[in-house]
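Here's the structure, in structure tokens; my notes come after.
The values are calculated or read from the model by the stated rules, or taken from the named source; none is laboratory data. As the structure is a computational prediction, the values presented were derived from the model and not from experiment. Ideal geometry is used to build each Cβ from the backbone, glycine not excepted, and the neighbour counts take in all protein chains shown. We work out accessible area using only protein heavy atoms, side chains counted, and drop any ligands, DNA or RNA first. Shrake-Rupley method; radii C 1.70, N 1.55, O 1.52, S 1.80 Å.
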Amino acid sequence: MYQIIASDLDGTLLTPDHKIAPFTKDTLNQLHHQGKDFIFATGRHHIDVAGLREQLGIPAYMITSNGARVHNCKNEVIFKQDVQPEVITGIIAMTKQDPELRIHIYRNDDWLLNQEDPTLREFHDSFSYQLFDVENPPLEGVAKLFFTRDDRDHDKLVEWENKINAEFGNQANVAFSTPWCLEVMDTGVSKGHALEAVAKEKGYALADCIAFGDGMNDVEMLTMAGKGLVMGTSHAKVKAALPDNEMIGDCSDEAVAHYLSERFLK
């Protein structure tokens, strides 16, 4: 019934240590050989995802930066939508006043950060950040901005979500990818709209797509796809936003792969 499988990565397809587990890799490879199309749909940077695609070993489209970038199987950009320069300037002018806030920018092939964070360098093997000056931020080619705190205080980030929406809500899409990561894209950018574009390019409709996710940045995709499945470990806000969507298990148990294997592999 479904020809396209789209999945979020962290908290969904990947294990808690952010790896593609063997059963997941085997399942997706079998589905590929049966003619199913797999699509990465993530908030991550496309360079980061390209490394995971290589590990997986199958051709796959990549929806990255929550839909601000789409790459085809040949790694060609087929869609991009940047944050407007005046939005970048305004948001950084606001957020730079908070010393507890780490300001990240995905700009074209770069990941930029306003202050050092050694833990991130340890976490990412082949793709890491460069520092940028908040007094002179980049204004072109910015796929998204995102904000984190070392203490992972969700409520403090919600305060910033409200402030940014109050000021720029009509020019930006503001969403949490995890409870401790607040993300800002251009208005109209979402994984769901990117999935629709990929499906059309492949000759399918959203009704032909099944999607998996666990974050507020997945809500559009899980709503728009023919079937959207919510991870059981999702934040309460995600479950409240998608009360009618089926829930499955935990990424630590490879719940996505098990769901696909049980229903689609013969």
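Residue count for region 226-240 under the criterion of being closer than 30 Å to Val158 by Cα and open to solvent by less than 50 Å² (accessible area, probe 1.4 Å): the result is 7. Being modelled with pLDDT of 95 or more and either crowded, with 20+ Cβ neighbours inside 10 Å or in a strand (DSSP E or B) (or both) is a property that holds for Ile103.
Considering only region 208-218, I want to know if a residue exists there that is closer than 19 Å to Asn66 by Cα and over 15 Å from the mean Cα position of the chain (by Cα). Break it down into steps so the answer makes sense when it comes.
Kept after step one, since they are closer than 19 Å to Asn66 by Cα, are these residues of region 208-218: 209-218.
Filter once more, keeping what is over 15 Å from the mean Cα position of the chain (by Cα): 209-210.
Yes - at least one qualifying residue is present in region 208-218.
From Gly57, Gly67, grab the single residue that is open to solvent by 40 Å² or more (accessible area, probe 1.4 Å) and of a type outside the set (Val, Ile, Thr). Going through Gly57, Gly67 in turn, just one is open to solvent by 40 Å² or more (accessible area, probe 1.4 Å) and of a type outside the set (Val, Ile, Thr): Gly57. On the stretch given as region 199-229, residues that are in a helix (DSSP H, G or I) and of a type outside the set (Lys, Arg) total 14.
Close contacts from region 20-41, counting a first residue that is farther than 19 Å from Leu222 by Cβ and a second that is surrounded by fewer than 14 Cβ atoms within 10 Å (Cβ to Cβ) and among the small types (Gly, Ala, Ser), with Cβ to Cβ under 8 Å and a gap of 6+ residues or different chains, come to Lys25/Gly57; Asn29/Gly57.
Among the conditions (1) touching a helix residue (DSSP H, G or I) at 6+ places or on another chain (Cβ under 9 Å); (2) part of a helix (DSSP H, G or I); (3) not basic (Lys, Arg), Asp155 misses just one, which is (1). Taken over region 1-17, the criterion of being in a helix (DSSP H, G or I), within 11 Å of the chain's Cα centre (by Cα) and in contact (Cβ under 8 Å) with a residue 60 or more places away in the chain is satisfied by Asp10, Gly11, Thr12.
Arg44 - would you say it is under 30 Å from Arg107 (Cα atoms), surrounded by 18 or more Cβ atoms within 10 Å (Cβ to Cβ) and without any contact (Cβ under 8 Å) to a residue 24 or more places away in the chain? No, not satisfied. Checked against the criterion of being over 17 Å from the mean Cα position of the chain (by Cα) and either at pLDDT below 95 or acidic (Asp, Glu) (or both), the candidates Thr119, Thr89, Thr95 yield just one match: Thr119.
Based on this model, can you work out whether Gly188 counts as over 14 Å from Thr64 (Cβ atoms) and open to solvent by less than 10 Å² (accessible area, probe 1.4 Å)? Judged against the criteria, Gly188 is not a match.
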